Amino acid sequence: MANQELTASPTDSETPTLQQLNILTLFPEAVQAYFNIGVTGRAVERSVIDIHCVNFRDYAQGNYKAVDDLPFGGGAGMVIQAEPVAKAIDDLPLSGRQRGTVVLLAPTGKVFTQRDAERLSQSEAITFVCGRYEGIDARLNIEYVNEVFSIGDYILSGGELAAMVIIDAIARLKPGVLNNSESATHESHSLGGDQLLEHPHYTRPATWRGHEVPPVLLSGHHKRIQTWRREESIKATARVRPELLENIDLSPAERSLIERLRRGE
Ligand code: ADE
């Protein structure tokens, strides 16, 4: 394998407790598939998280098992009824699952951040409720929902992708999930890192289609490489997400670098 060198990542000898993650959805098979692969699959395999997908249509009444109905007050679309979702939540202990924090995924929620991932990764259990159509009857929130999260300012067809995004972000923070080479501490937005966007990365070959790797990275000069990476992080953040720089401790030299960037120098 190329470039084993680079920075050592911390090894974590703690044995994590199993985190119960329930996902209430109309598409359990599609959601489940994501937990058979990659880092999330590894988290399941290593008994770091237990994924329990429930189709809340199973809790609907009538021959057609309808879970939606017309909105009171009129308007377009259908609304998911509170009762089938509530029953699915109430039933979790019967299948030996803890309910924990109930998280609703909706575009009306607070935008999910790495800070939320860090906080939720400490919970014993979380139940994710995935809406579809125009959403879920708002009275479910009063009775059951502890937090509402959006994954960004755009409208998805349902909460499933958002639940998968959030679980992925949580699972990779848990001890024993990432291998040493995949350390989560120096990534963009990481609290353990510097909350800047990450500097660019390069691997072999040193020249690719005429583009050279920045020479400092080939210098073997650790301190200079660190300085270069920090400056590149600051530049990337200033260019793409300038608002992030407001909450970061910067040295006077770094502040003047940002000033120069702002002046277009
Ligand atoms: N459901 C539909 N759009 C969503 C979004 N942006 N985030 C979370 N859940 C959603």
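Rule-based calculations on the coordinates, nothing more; no lab input. If you're wondering where the values come from, they're calculated on a predicted model, not measured in any experiment. Note that we place each Cβ from the backbone using ideal geometry, even for glycine, and neighbour counts take in every protein chain shown.
Observations on the structure shown:
- Net dipole in debye of the chain [+1 Lys, Arg Cβ; -1 Asp, Glu Cβ; about Cα centre; nearest 20]: 760 debye
- Modelled FRET efficiency - R0 25 Å, Glu212 with Ile37, Cβ distances, 0.05 increments: 0.10
- Amide H contacts of Gly109 (H built 1.01 Å from N, under 5 Å, at least 5 apart or other chain): Ser150
- The helix-based estimate of mean residue ellipticity at 222 nm for the chain, built from -39,500 (n - 2.57) per DSSP H run of four or more residues and divided by its residue count, is -8500 deg cm²/dmol to the nearest 500.
- With N as its number of residues, the range 190-262 has a Cα radius of gyration that, divided by 2.2 N^0.38 Å, comes to 1.21.
- Based on C-alpha pairs under 8 angstrom that are at least 6 apart in sequence, the range 19-171 has a relative contact order of 29 percent.
- Global dimensions of the chain from alpha-carbon coordinates: Rg and Dmax equal 22.6, 71 Å.
- Principal axis dimensions, the range 19-171 - Cα atoms, whole angstrom, descending: 46, 35, 26
- Between Arg224 and Asp168, residue separation times 0.36 nm minus the direct Cα-Cα distance comes to 16.8 nm.
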